[in-house]
Number of protein chains: 2
Amino acid sequence: MQQQIVFKALSDPTRRRILHLLKRQSMSAGDIAEHFDIAKASLSHHFSILKQADLVRTERQGQRIIYSLNLSVFEDVASLMFDLFSGS
Amino acid sequence: MQQQIVFKALSDPTRRRILHLLKRQSMSAGDIAEHFDIAKASLSHHFSILKQADLVRTERQGQRIIYSLNLSVFEDVASLMFDLFSGS
DNA sequence: TAGATATTTAGAGATTAGTCTAAATATCTA
DNA sequence: TAGATATTTAGACTAATCTCTAAATATCTA
């Protein structure tokens, strides 16, 4: 896991809000966009950063692209954080 | 706790290295500086960001200022992270 | 009090990041 | 195949971030 990429991805409030939304349910890019006041192109930029960090996964459904939280990375992120304060 | 300030503070690799150093032992600004190749003034800037986020505490000892990890904030940071993926 | 040491503050320069609009790509449907 | 819908890519602009040097502040010691 690319530590720096993950931390950078989490450092933006819009991206954290996206993750928060996806926690409840997977959503298309457009559905997510309805929750924000910024241009869809700007959100797409955030999506790509979240994907780079492997925090979200995508799946195409027709015209739509469905974003979902990548729960399998949770353990890694948790241990990243834990490592900041304790352990090695 | 100011969530955004904490995430921003953690998003820089130099600052995470500082935290990592302080995990082992508290150190003066100068001692910390010996581990880095950047100007002391630049490090001082990082210190101030870590302090704002309440991730480190300071104590003056004569001319020196001793930095130490603020462990009491660990629980808060952990739950911040946890909250990104599960729970509410 | 002077000079030395430790640290921070101020201001400038370069890079990175987040946003926008316009255009491109991909898919669906009539 | 055309047109509509969904999303991403490209390019530009602005603001924030990280770094530097120079100067300021605080403390210690001779």
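The values are calculated or read from the model by the stated rules, or taken from the named source; none is laboratory data. What you see is a predicted model, and the numbers here were worked out from it, not measured in a lab. Virtual Cβ from ideal backbone geometry, glycine too; neighbours counted across all protein chains shown. Side chains are part of the model used for accessible areas, which takes the heavy atoms of the whole protein and leaves out ligands, DNA and RNA. Shrake-Rupley method; radii C 1.70, N 1.55, O 1.52, S 1.80 Å.
Observations
- Taking each residue of region A:38-62 that is on the phi > 0 side of the Ramachandran plot and looking for partners that are away from DNA strand C (no atom under 11 Å from the Cβ) and open to solvent by less than 90 Å² (accessible area, probe 1.4 Å) with beta-carbon atoms closer than 6 Å, six or more apart or interchain, yields A:Asp54/A:Asn70; A:Asp54/A:Val73.
- Count of region B:15-39 residues which are surrounded by 14 or more Cβ atoms within 10 Å (Cβ to Cβ) and in a helix (DSSP H, G or I): 13
- Subset of region B:29-52 that is in contact with a Phe, Trp or Tyr (Cβ under 7 Å, 6 or more places away or on another chain) and not β-branched (Val, Ile, Thr) - its residue that is farthest from DNA strand C (Cβ to nearest atom): B:Leu43
- Residue in region B:2-14 that is surrounded by fewer than 18 Cβ atoms within 10 Å (Cβ to Cβ) and modelled with pLDDT under 95 present: yes
- Answer from B:Leu21, B:Leu69, B:Leu55 - the residue that is away from DNA strand C (no atom under 11 Å from the Cβ) and touching a Ser or Thr at 6+ places or on another chain (Cβ under 9 Å): B:Leu69
- The number of residues in region A:42-87 that are within 9 Å of chain B (Cβ to nearest Cβ), open to solvent by 60 Å² or more (accessible area, probe 1.4 Å) and outside any helix (DSSP H, G or I) comes to 1.
- Residue ID - nearest to A:Arg15 (Cα to Cα), chosen from residues in region A:63-72 that are near DNA strand D (Cβ under 8 Å from one of its atoms) and touching a residue at least 12 places away in the same chain (Cβ under 8 Å): A:Tyr67
- Any hit, region A:3-18, residues being in contact (Cβ under 8 Å) with a residue 24 or more places away in the chain, under 16 Å from A:Ile65 (Cβ atoms) and aromatic (Phe, Trp, Tyr): no
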